[in-house]
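The values are calculated or read from the model by the stated rules, or taken from the named source; none is laboratory data. For clarity, every value in this text was computed on a predicted model and none was experimentally measured. No Cβ is skipped: glycine too gets one built from the backbone with ideal geometry, and neighbour counts run over all protein chains shown.
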Amino acid sequence: MAYKIIVSQCTACGACEFECPNAAISTKRGNYVINAALCTECEGHFPAAQCAAVCPVPDTCVKV
Amino acid sequence: MAQIITLESLLAPAAPPTSSAASGCTASACGSSQAPSGMDPAVWERVKDHPCYAEEAHHYFARMHVAVAPACNIQCNYCNRKYDCANESRPGVVSEKLTPDQAVRKVVAVANAVPQLSVLGVAGPGDAVYDWRHTRETFERVQAAIPDLRLCLSTNGLALPDHVEAIAAMGVDHVTITINFIDPEIGARIHPWIFFNHQRHTGVEAARILHERQMLGLEMLVARGILAKVNSVMIPGINDEHLAEVNRVVTQKGAFLHNIMPLISDPAHGTAFGLFGQRGPTPAELKALQDRLAGGANLMRHCRQCRADAVGLLGEDRGQEFNLDQLPAEAAYDPAARATYRDLVAETRGEHAAHRDAARDDVAAMDAPAVLVAVATRGGGRINEHFGHAKEFQVYEVSPEGIRFTAHRRVEQYCQGGWGEDATLEGVLATLAGIACVLVAKIGDCPRQSLEDAGIAASQDHAYDWIESGIAAWYAQRYRSTVRLTA
């Protein structure tokens with residue numbers, strides 16, 4: 001029940017952090033990471049996971 | 001590294017003034033505006049030191065971009081967010097993303113080192129308005145440090161209506177919207193998706209939403225008196241014909257300036273268009289479209305499609321000199337150099353305007369064809385660069401109608417310090433195709449001969465003269481026999 005970010009593909013634009021309704025995304029040593037404990041896959045907030053919907057690189061914010 | 005024009009070089013001796021410029025009143029002496037003909041003096045006050053908004057200003061003033069807003073809310077087929085290369089010069093490309101704190105340090109360092117600096121822009125990668133938190137913080141802090149620096153931003157327009165009030169309240173006077181289409185069917189071929197209202201939209205529906213938001217944003221800017229520039233990427237076979245419609249609509253909605261830029265497309269860039277083999281327009285195709293649209297919103301023809309972290313006069317990029325690791329940890333802004341430079345420009349500009357008017361009168365008396373003249377300049381509005389040192393030539397069209405800047409053409413620097421590379425010269429010759437004459441501060445015998453063999457005249461007779469005066473003098477000499485005999 002969570003999303004993760006494939007670091008090797010991430011451009012570190014930060015759009016996902018901006019859109020996440022759970023504040024589950026933050027930077028660790030320059031890389032964006034999703035805190036699985038906080039991620040709800042946006043259920044109850046929005047019809048689709050916001051990080052995956054806004055991410056400019058395909059298959060970079062993916063379901064664990 | 002490109003050499004920026006110094007205060008001293010602006011004071012370089014000018015050639016003796018030509019004909020009527022020597023007598024009569026100058027624009028500044030009469031107390032009237034130095035604005036180019038047809039421009040409202042009040043608008044001129046707002047654009048005269050913005051190199052992108054006023055062609056005349058780009059001879060004197062420099063801009064810098066800071067990449068503080070990397071998040072974007074749309075995808076464009078000419079953009080690939082994964083790539084970044086220090087050797088590439090094109091919009092959206094940047095070497096290092098900055099936090100607002102780092103950006104302020106960089107702006108202060110540049111303002112202390114580059115007295116020509118007049119504008120700070122946030123122009124990607126990403127969208128300055130969607131990523132508004134970062135843009136706002138940067139602007140607020142820069143404004144506190146350097147109050148007279150103009151703030152400028154560019155956006156795809158999707159988030160613009162949400163932030164126009166904040167933009168206006170902050171005193172941002174120049175906003176650029178990239179508008180590539182009016183018809184959503186065409187838009188869908190350029191922008192595959194958008195992220196809006198917490199959803200990803202695709203296809204024609206996405207393009208329709210984007211279009212509506214762009215139009216609303218443009219109207220809101222114009223209603224608040226903010227100068228709106230519209231950038232359009234010209235994509236042959238997709239929107240090239242359609243840009244006439246874009247021009248018509250944005251003109252009618254009150255856009256101040258329309259900048260049609262050629263698509264930059266290469267498979268190595270990894271963009272959808274690049275991989276698909278979509279070509280960009282040729283310089284001739286671009287100019288033909290621009291000429292066809294003359295009469296609508298003012299067309300910007302001096303765009304260099306600079307990198308999103310460019311620093312310096314248009315056409316040069318000193319960005320690499322101001323990378324983070326080269327910046328002092330703490331630096332105080334010293335306004336002295338910029339103030340001195342501004343005073344100097346105010347003075348020389350009146351003189352330049354008078355000479356420009358005189359040159360216009362001189363060519364108006366001719367009965368000669370329209371020809372293209374290439375000029376080597378380091379800025380300051382003068383013919384003051386050596387042929388071999390030029391990294392670009394500014395192309396002017398001269399005819400009895402007047403002397404008009406039409407484009408710049410980039411070349412590889414020919415001179416390698418005492419010697420020149422023949423292969424490079426070949427490239428320069430190809431780039432100068434269609435040019436009647438090249439006006440330079442100095443040129444060697446060998447390249448001059450090669451130019452002449454290619455049917456291009458080269459002259460250093462007008463070295464250090466004002467660009468327009470030099471062009472008019474060369475034109476009068478070249479077509480001497482065709483001066484109209486008027487009473």
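Here are some residues: B:Ala268, B:Ala207, B:Ala284, B:Ala228. Which one is part of a helix (DSSP H, G or I) and buried (at least 21 other Cβ atoms within 10 Å of the Cβ)?
After applying the criteria, what remains is B:Ala207.
Only one of (1) within 14 Å of another protein chain (Cβ to nearest Cβ); (2) surrounded by fewer than 22 Cβ atoms within 10 Å (Cβ to Cβ) is not met by B:Ala169, so which one is it?
Only one criterion in (1) within 14 Å of another protein chain (Cβ to nearest Cβ); (2) surrounded by fewer than 22 Cβ atoms within 10 Å (Cβ to Cβ) is unmet by B:Ala169, namely (1).
On the basis of being at the interface with another protein chain (Cβ under 8 Å from one of its Cβ atoms), without any contact (Cβ under 8 Å) to a residue 60 or more places away in the chain and over 19 Å from B:Arg200 (Cα atoms), does A:Ala23 make the cut?
Here the answer is no, as A:Ala23 does not meet what is asked.
Quick test of your reading of the structure: B:Trp132 fulfils all but one of (1) of a type outside the set (Lys, Arg); (2) within 30 Å of B:Val104 (Cα to Cα); (3) in contact with a Phe, Trp or Tyr (Cβ under 6 Å, 6 or more places away or on another chain). Name the failing condition by number.
(3)
For the range A:1-20, how many residues meet the condition of being within 14 Å of chain B (Cβ to nearest Cβ) and of a type in the set (D, E, K, R)?
2
May I ask you to list the residues in the range B:72-98 that are at pLDDT 80 or above, under 26 Å from B:Asn239 (Cβ atoms) and in a loop (DSSP other than H, G, I, E, B)?
Once the filter is applied, which keeps residues that are at pLDDT 80 or above, under 26 Å from B:Asn239 (Cβ atoms) and in a loop (DSSP other than H, G, I, E, B), the range B:72-98 yields B:Cys72, B:Asn73, B:Cys76, B:Asn77, B:Tyr78, B:Cys79, B:Asn80.
Within the range B:272-281, is even one residue touching a strand residue (DSSP E or B) at 6+ places or on another chain (Cβ under 7 Å), closer than 22 Å to B:Asp183 by Cβ and assigned to a loop (DSSP other than H, G, I, E, B)?
Yes: one or more hits.
Specify which of the listed residues (B:Ile167, B:Ile177, B:Ile190, B:Ile194) is closer than 19 Å to B:Met234 by Cα and not in a loop (DSSP other than H, G, I, E, B).
From the options B:Ile167, B:Ile177, B:Ile190, B:Ile194, the qualifying one is B:Ile177.
Count, please, the residues in the range A:26-38 that happen to be out of contact with any strand residue (DSSP E or B) (no Cβ under 8 Å at 6 or more places or on another chain) and within 13 Å of another protein chain (Cβ to nearest Cβ).
Adding up the residues that qualify gives 1.
Just one of A:Cys10, A:Cys16, A:Cys39 is within 10 Å of the chain's Cα centre (by Cα), assigned to a loop (DSSP other than H, G, I, E, B) and at negative phi; which is it?
Step by step, each of A:Cys10, A:Cys16, A:Cys39 is checked, and only A:Cys39 is within 10 Å of the chain's Cα centre (by Cα), assigned to a loop (DSSP other than H, G, I, E, B) and at negative phi.
Residues to consider are B:Ala159, B:Ala144; find the one that is within 14 Å of another protein chain (Cβ to nearest Cβ) and among the small types (Gly, Ala, Ser).
It is B:Ala159.
In the range B:410-430, how many are surrounded by fewer than 18 Cβ atoms within 10 Å (Cβ to Cβ) and either of a type in the set (Gly, Ala, Ser) or within 30 Å of B:Leu299 (Cβ to Cβ) (or both)?
Number of matching residues: 8.
Using the structure shown, decide if B:Asn247 is more than 24 Å from B:Arg81 (Cβ to Cβ) and either in contact with a helix residue (DSSP H, G or I) (Cβ under 8 Å, 6 or more places away or on another chain) or of a type in the set (Lys, Arg) (or both).
Taking the combined requirement at face value, the residue satisfies it.
Quick one: what pairs do we get from the range A:39-64, first residue facing another protein chain (nearest Cβ under 8 Å), second aromatic (Phe, Trp, Tyr) and surrounded by 14 or more Cβ atoms within 10 Å (Cβ to Cβ), C-beta under 7 Å, 6+ apart or different chains?
A:Ala53/B:Phe195; A:Val54/B:Phe195
For the range A:43-50, state whether one or more residues are surrounded by 15 or more Cβ atoms within 10 Å (Cβ to Cβ), within 10 Å of the chain's Cα centre (by Cα) and under 23 Å from B:Leu98 (Cβ atoms).
no
Check the range B:358-367 and report whether any residue there is surrounded by fewer than 20 Cβ atoms within 10 Å (Cβ to Cβ), assigned by TED's automatic domain parsing to the domain that holds B:Ala433, at pLDDT 85 or above and among the β-branched types (Val, Ile, Thr).
no
If the Cβ limit is 8 Å and pairs must be 6+ apart or interchain, which residue in the range B:120-131 that is more than 9 Å from every other protein chain (Cβ to nearest Cβ) pairs with which residue that is of a type in the set (Asp, Glu)?
Pairs that qualify, where the first residue is more than 9 Å from every other protein chain (Cβ to nearest Cβ) and the partner is of a type in the set (Asp, Glu), are B:Val129/B:Asp162.
For B:Glu412, are the conditions met, namely being over 23 Å from the mean Cα position of the chain (by Cα), among the charged types (D, E, K, R) and modelled with pLDDT under 90?
no
Among the residues of the range B:349-385, what is the count of those that are under 21 Å from the mean Cα position of the chain (by Cα), among the β-branched types (Val, Ile, Thr) and either within 30 Å of B:Ala144 (Cα to Cα) or not in a strand (DSSP E or B) (or both)?
2
Evaluate the range B:206-228: report whether one residue or more is more than 22 Å from B:Met39 (Cβ to Cβ) and within 14 Å of chain A (Cβ to nearest Cβ).
Yes, that holds for at least one residue.
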